[in-house]
Amino acid sequence: MSALDTISVRVEASSGNVRPLLHEIRHALQRVADGGIGTTIDLGSLPLAPGEEKRIEELLGSGELRAELDALGPTVLQETRYAGVWFVTHRNTEQEVVARFIEVTRVPELLLAQEVDMQRAVHELEKQLEVN
């Protein structure tokens, strides 16, 4: 056994994609701040090394807003510490993550009321007003 055998070695994998992703988020945020259209980034489609998604979460942090939905499994929308940058995590009924996105937008599309749902709500409210 040589002295080299006593040296602890830790190998960290890196795709090199964390910094470019943060630049993409910054540019997308600037577009939205200037009145442009938002961006959705599918984290599952990115070649990230083990631990890099967690590193992205740490760098973006958690903000003040959080919304939870339950449609075919729970969905959590968590704004990061950067206004307009959201983590969107979809889980199935077994609580397994089925999709994970970063949305750069004023309000995630999923939180916007759909026109058909609003029309149905108007009709239901009209019926309620007839009863009372």
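Read-outs throughout are calculated quantities, based only on the coordinates presented, and are distinct from any laboratory measurement. Bear in mind that the values here come from a model prediction, so they are computed numbers and not experimental data. For neighbour counting, all protein chains shown are included, and Cβ atoms are generated from backbone atoms with ideal geometry for every residue, glycine included.
Top mean-square fluctuation among Gln114, Gln30, Gln78, Gaussian network model of the chain, C-alpha springs under 10 Å? Result: Gln114 has the largest fluctuation of those listed.
For the stretch 77-108, the list of GluC sites (Glu not before Pro) that fall in a loop by DSSP and count at most 13 other C-beta atoms within 10 angstrom reads Glu94, Glu96.
Relative contact order, whole percent, for the stretch 61-132 stands at 20, derived from Cα pairs under 8 Å and 6 or more residues apart.
Need one number for the chain: average projected area of the convex hull over its C-alpha atoms, nm². Averaged projected area of the chain's Cα convex hull equals 13.3 nm². The spacing between the stretch 87-114 and the stretch 34-69, judged by their C-alpha centroids, is 10 Å. Result for the chain in a Gaussian network model with C-alpha springs under 10 Å: among Val98, Val85, Val32, the largest mean-square fluctuation is at Val98. Per residue, the average separation of C-alpha pairs within less than 8 Å and at least 6 apart gives the chain a relative contact order of 20 percent. Highest mobility in the GNM of the chain, judged by mean-square fluctuation with C-alpha springs under 10 Å and restricted to Val107, Val18, Val116, is found for Val116.
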